[in-house]
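Structure, as structure tokens:
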Amino acid sequence: MATKKIGFTCAYAPVPIIEAAGFTPFRVFPETDSKDQSGYMLHDNLCPHVKKVLDRALDEDLPELEGMVFINSCDSMRRLSDAWQEARPGDRTILLDLPSSNTDASITFLAGEYKRLLKTLCQWNSVDVSLDKLKSRINAWNSLSQTLGNIEHAMGKNFYPGLFSQYQKIINLSAMHGVDKAFLKAKEIDPDKMSPQKGHAPVFIFGNLLFDPKVFNLFEEWNMHVADNDFCTGSRFVNSVDYDASKDLFYSLASSWMNRTPCARTMDIADPGAIARKIVDRAKSCNARGVIGFTVKFCDPYLARIPMIREALQQESIPFLMIEGDCTLGSMGQQQTRIEAFTEMLEV
């Protein structure tokens with residue numbers, strides 16, 4: 001089992017590629033008690049996700065890393081890559097450019113970036129590039145995705161107290177300790193042996209990141225049943241890869257990542273309103289009585305999409321609550337009154 005760690009900060013960094021190069025993935029979550037130092041390098045009104053990750057780098061609040069993978073997914077992430085090199089000049093880093101659409105040309109471009117990533121990581125680890133190894137790690141990834149999908153399906157049908165928190169822990173495990181450990185943990189969960197409960201209002205939640213398992217326990221305390229989710233730290237993270245022998249493996253990877261439920265920074269050029277309709281469809285499919293959007297502060301891509309999402313939900317008479325936070329459990333606690341009031345409205 002690989003013990004050398006490669007850090008990353010975005011769900012568009014494919015874990016199978018990191019593992020195929022012989023490394024263990026380590027997602028640098030914005031979860032830290034480090035003092036606020038990033039303001040010396042970045043603007044104060046910048047994404048708190050990026051700032052807290054940089055605080056960890058400045059405070060050495062990280063395990064030993066063999067390198068960092070950055071994705072040019074938004075301007076804030078690009079600034080993080082620049083600042084990281086200034087804060088930790090001895091670290092090896094690679095920055096991948098990410099298309100903003102899912103056209104064939106965009107997927108072909110991203111396939112080249114993923115190929116460059118595997119080649120670079122193999123050089124860092126002094127190993128040869130092996131497509132067989134990559135296929136093996138993709139297969140393991142798909143097995144995890146399927147198992148988590150079964151758990152998601154069960155949560156969409158019934159409320160199982162504590163299950164969503166367990167589900168989030170498994171996703172975090174895959175991001176920080178690798179697919180194999182996460183898969184073993186996921187196989188231990190059998191909703192058929194758990195007792196569903198009534199009395200909690202089903203909701204669909206979406207946004208950029210909501211990674212702390214304790215948050216979902218809070219939702220349950222506030223009489224909420226999270227029936228489905230769409231976060232880059234949730235269901236969007238562990239997406240299966242569809243490939244066959246007739247396709248280029250890197251193209252298949254890129255296609256799977258670009259055609260999954262997109263984050264707000266990615267847009268279908270031919271259909272800009274698709275993101276709103278997909279949220280409506282996801283909410284309906286899990287019989288959600290309401291929808292909650294959660295984004296970190298100053299996230300311009302998501303803030304730009306919210307008006308069309310709100311309008312699409314209003315047209316379907318689906319109640320909507322929009323909240324912002326700073327990647328801390330405390331900020332979620334500050335929203336308790338609004339969330340409880342929203343939940344009470346759904347129970348009427």
Return yes or no: is Val215 in a strand (DSSP E or B) and among the β-branched types (Val, Ile, Thr)?
no
When you check Pro48 against the structure, is it in contact with a His (Cβ under 7 Å, 6 or more places away or on another chain), under 21 Å from Thr328 (Cβ atoms) and touching a residue at least 24 places away in the same chain (Cβ under 8 Å), yes or no?
no
Go through the stretch 172-212 and count every residue that is touching a residue at least 60 places away in the same chain (Cβ under 8 Å) and assigned to a helix (DSSP H, G or I).
7
Selected residue [exposed (fewer than 14 other Cβ atoms within 10 Å of the Cβ), at pLDDT 95 or above and under 21 Å from the mean Cα position of the chain (by Cα)] from Leu184, Leu117, Leu148:
Leu184
Yes or no: the stretch 96-111 includes at least one residue that is part of a strand (DSSP E or B), at negative phi and surrounded by 15 or more Cβ atoms within 10 Å (Cβ to Cβ).
yes
Residue set Gly178, Gly90, Gly162; condition among the small types (Gly, Ala, Ser) and surrounded by 18 or more Cβ atoms within 10 Å (Cβ to Cβ); output residue Gly178
Give the residues of the stretch 28-55 that are surrounded by fewer than 21 Cβ atoms within 10 Å (Cβ to Cβ) and closer than 19 Å to Val69 by Cα, sorted by residue number.
Phe29, Glu31
Suppose we filter the stretch 308-328 for residues that are exposed (fewer than 13 other Cβ atoms within 10 Å of the Cβ) and touching a residue at least 60 places away in the same chain (Cβ under 8 Å); how many remain?
0
If you go through the stretch 298-307 one residue at a time, do you hit one that is assigned to a helix (DSSP H, G or I), exposed (fewer than 13 other Cβ atoms within 10 Å of the Cβ) and modelled with pLDDT of 90 or more?
yes
Which of the residues that make up the stretch 1-44 are more than 25 Å from Glu113 (Cα to Cα) and of a type in the set (Phe, Trp, Tyr)?
Tyr40
Return the residues of the stretch 308-338 that are assigned to a helix (DSSP H, G or I) and modelled with pLDDT under 90; say none if nothing qualifies.
Leu329, Gly330, Ser331, Met332, Gly333, Gln336, Thr337
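The values are calculated or read from the model by the stated rules, or taken from the named source; none is laboratory data. Values in this document were obtained by computation on a predicted structure and should not be read as measured data. Cβ atoms come from the backbone with ideal geometry, glycine included; neighbour counts cover every protein chain shown.
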